[in-house]
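This report refers to the structure that appears directly beneath it.
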């Protein structure tokens with residue numbers, strides 16, 4: 001198997017995790033287009049711990065992809081890693097599609113900074129990662 005795709009995908013997850021750790025460390029950065037808003041007011045303000053938790057989950061996603069591609073030994077059976085990757089791909093796809101109001105390609109509320117970022121960055125990235133993670137899982141080892 002070519003290691004470039006899993007390495008690239010894992011690197012993206014690590015970069016996203018580091019970005020979340022940065023946002024957790026910098027007061028006010030979590031409110032600048034990172035969450036859905038209506039009339040300039042965020043629907044929620046993520047706590048520092050929640051932002052760190054997202055970063056940790058993203059690191060686990062990087063490890064899962066690297067483990068599935070045999071770039072990292074996790075001590076987990078290959079079939080389980082593949083199925084976890086398929087589950088991750090499905091979750092990323094669901095995130096890209098969204099919940100039809102504030103999030104994803106089919107959102108109705110489109111007049112915020114988050115909505116613009118979601119349309120042009122967040123949702124396309126989730127869709128691309130979904131496809132790449134599914135491809136990595138399908139390679140199997």
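The numbers here are math on the coordinates, done by the rules we state, and not lab data. Everything quoted here is computed from the prediction, not taken from an experiment. A quick note on method: Cβ atoms are made from the backbone with ideal geometry, for glycine too, and the neighbour counts reach across all protein chains shown.
May I ask you to list the residues in segment 114-128 that are more than 19 Å from residue 12 (Cα to Cα) and exposed (fewer than 14 other Cβ atoms within 10 Å of the Cβ)?
Once the filter is applied, which keeps residues that are more than 19 Å from residue 12 (Cα to Cα) and exposed (fewer than 14 other Cβ atoms within 10 Å of the Cβ), segment 114-128 yields only 116.
What are the residues in segment 92-113 that are touching a residue at least 40 places away in the same chain (Cβ under 8 Å) and buried (at least 18 other Cβ atoms within 10 Å of the Cβ), if any?
Selection gives 92, 102, 103, 112.
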